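Some notes on the structure that comes next.
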Amino acid sequence: IFTSLDHYVYAVDVRKGDEIWRFETSAAVAATPVIDNDSVFVGSFDSNFYSIELSSGRGKWRFEGASNWYWAKPVLGRGVVYAASLDGKLYALKSASGEKRWETSTDSPIVGSPAIVSDMIVFGSRSGQVNVVELSSGVVLGTCDVDERIETPVLAHENTVYFGARDHSIRALVIKRNGNPD
């Protein structure tokens with residue numbers, strides 16, 4: 001499964017290279033899709049977030065609540081897909097239906113993918129702010145300003161997150177149990 005700037009998500013047979021199906025959106029698709037069971041999840045530059053049936057390529061549901069592009073790879077956890085948008089919001093959508101559970105916002109676009117740490121999700125923004133949010137509610141538990149744009153994915157290992165900053169540095173923050181980034 002891969003995306004393209006030609007407005008399509010493609011499924012290709014890896015052995016033969018034959019196209020299995022293609023799913024059309026209304027704009028370019030630069031985000032990396034995530035697959036879970038028979039669903040492909042991906043956002044598009046048309047400001048829509050899609051669930052596509054893996055076996056057929058048919059659309060299952062579409063979330064139209066964002067006001068800007070999706071660039072980041074979504075993250076899955078506990079029956080929820082977490083989609084970061086350039087509108088500065090992180091959306092928690094039920095993976096089965098696309099129903100919005102919650103949204104949380106930051107002061108600038110979210111370019112990189114979030115990471116799940118325990119019962120929290122961590123994401124950075126172009127303003128240089130790292131946000132730690134409770135998975136169940138979307139409540140912001142803690143923030144940290146690193147004074148540099150964050151446009152890379154956040155990666156997690158145990159209770160530590162790693163990300164790159166615009167000054168070409170790699171940063172690491174320990175996320176405490178209460179959500180405070182250290």
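The values are calculated or read from the model by the stated rules, or taken from the named source; none is laboratory data. Just so it is clear, the structure is predicted and the values come from calculations on it, not from any experiment. Cβ placement follows ideal geometry from the backbone for every residue including glycine, while neighbour counts extend to all protein chains displayed. When the accessible area is computed, the model is the full protein with side chains, heavy atoms only, and any ligands, DNA or RNA have been set aside. Shrake-Rupley method; radii C 1.70, N 1.55, O 1.52, S 1.80 Å.
Scanning segment 86-97 for residues that are open to solvent by less than 10 Å² (accessible area, probe 1.4 Å) and either touching a Gly at 6+ places or on another chain (Cβ under 7 Å) or at pLDDT below 95 (or both) turns up TYR91, ALA92.
A search for C-beta distances below 9 Å between a residue of segment 96-109 that is more than 20 Å from GLU134 (Cα to Cα) and any residue that is open to solvent by 20 Å² or more (accessible area, probe 1.4 Å), counting only pairs 6+ apart in sequence or on different chains, returns ALA96/LYS60; ALA96/TRP61; ALA96/GLY79; SER97/LYS60; SER97/TRP61. Per the listing LEU90, LEU76, LEU5, LEU54, the residue uniquely more than 29 Å from ASN131 (Cα to Cα), touching a residue at least 40 places away in the same chain (Cβ under 8 Å) and not small (Gly, Ala, Ser) is LEU54. Does at least one position in segment 16-23 carry a residue that is assigned to a loop (DSSP other than H, G, I, E, B), out of contact with any Cys (no Cβ under 7 Å at 6 or more places or on another chain), more than 28 Å from ALA92 (Cβ to Cβ) and open to solvent by 90 Å² or more (accessible area, probe 1.4 Å)? Yes: segment 16-23 contains one or more residues that are assigned to a loop (DSSP other than H, G, I, E, B), out of contact with any Cys (no Cβ under 7 Å at 6 or more places or on another chain), more than 28 Å from ALA92 (Cβ to Cβ) and open to solvent by 90 Å² or more (accessible area, probe 1.4 Å). The single condition among (1) open to solvent by 50 Å² or more (accessible area, probe 1.4 Å); (2) modelled with pLDDT under 95 that LYS100 does not satisfy is (2). Restricting segment 24-35 to residues that are closer than 17 Å to SER95 by Cβ and not polar (S, T, N, Q), which is most open to solvent (accessible area, probe 1.4 Å)? Among those residues, the one meeting the criterion is ILE35.
For segment 133-182, a residue qualifies if it is free of Cβ contacts under 8 Å to residues at least 40 places away in the same chain, crowded, with 17+ Cβ neighbours inside 10 Å and aliphatic (A, V, I, L, M), and the qualifying residues are LEU141, VAL146, ILE150, ALA165. Taken over segment 76-134, the criterion of being closer than 26 Å to ARG166 by Cα, β-branched (Val, Ile, Thr) and in contact with a Pro (Cβ under 8 Å, 6 or more places away or on another chain) is satisfied by ILE121, VAL122, VAL130, VAL132.
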